[in-house]
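Structure first, then comments.
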Amino acid sequence: MTTYVDWRNRGRCAGQDPERWVIENLPLPKRDRPAIARQLCAGCPTDVQLACLRNAVEMKLTGMVVAGQMIETTWHLQQAAADAGLGDPPARSPRGRKQTVQWPRPCQRCNKSMRPSRSTRDVHPGTVMSSNKNQCLYCMSQIRAEAAAAAEVVAA
Ligand code: SF4
Ligand SMILES: [Zn+2]
């Protein structure tokens, strides 16, 4: 039987500073982190990686590199466990994986094409600045003004 002490001691990370496996502590830029995570656990025996992953699932560990993968959320944990045959894949929850927003996107109020905030017109020609992913800056100020006017009517 693979006991906790047994696999822990045989892991590639045995005797090393566990902080190195904390995702927040991985070097930047973020896009390099998946490769760094793989390197951290590279060469760790397969049965140890599996035991490590199983332990992470039992402990609901997140924010750590486990079996060479960045386990940021319970969604990642469930997905990694499913990939290793340890359980069902996670339900597709909107809170799970970050939804990617496509730009440019139309303002839901004026339908003008919007670019992401903090980006320039050079990158997205012919666009207006967004306030959030649904409204442009102009419409957002209109919405605020209308809300303020409506509040005044109620107060009067
Ligand atoms: S899989 Fe990674 S974190 Fe787990 S025991 Fe091996 S080296 Fe350590
Ligand atoms: Zn608008």
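Laboratory data are not the source of any read-out in this text; all were calculated from the coordinates shown. What you are looking at is a predicted structure, and each value in this text was computed from that prediction instead of being measured. Virtual Cβ from ideal backbone geometry, glycine too; neighbours counted across all protein chains shown.
One table, with the values for the structure above:
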quantity	calculated
Dimensionless Rg over Rh [the chain; C-alpha; Kirkwood]	1.21
Packing rank of 78-84, 119-125, 61-67, where each peptide gets the mean count of other beta carbons within 10 Å, highest leading	61-67, 78-84, 119-125
The chain: calculated mean residue ellipticity at 222 nm from DSSP helix runs of at least 4, using -39500 (n - 2.57)	-11500 deg cm²/dmol
The stretch 4-83: C-alpha gyration tensor shape, a/c 1.5 cut-off, then a/b vs b/c	oblate
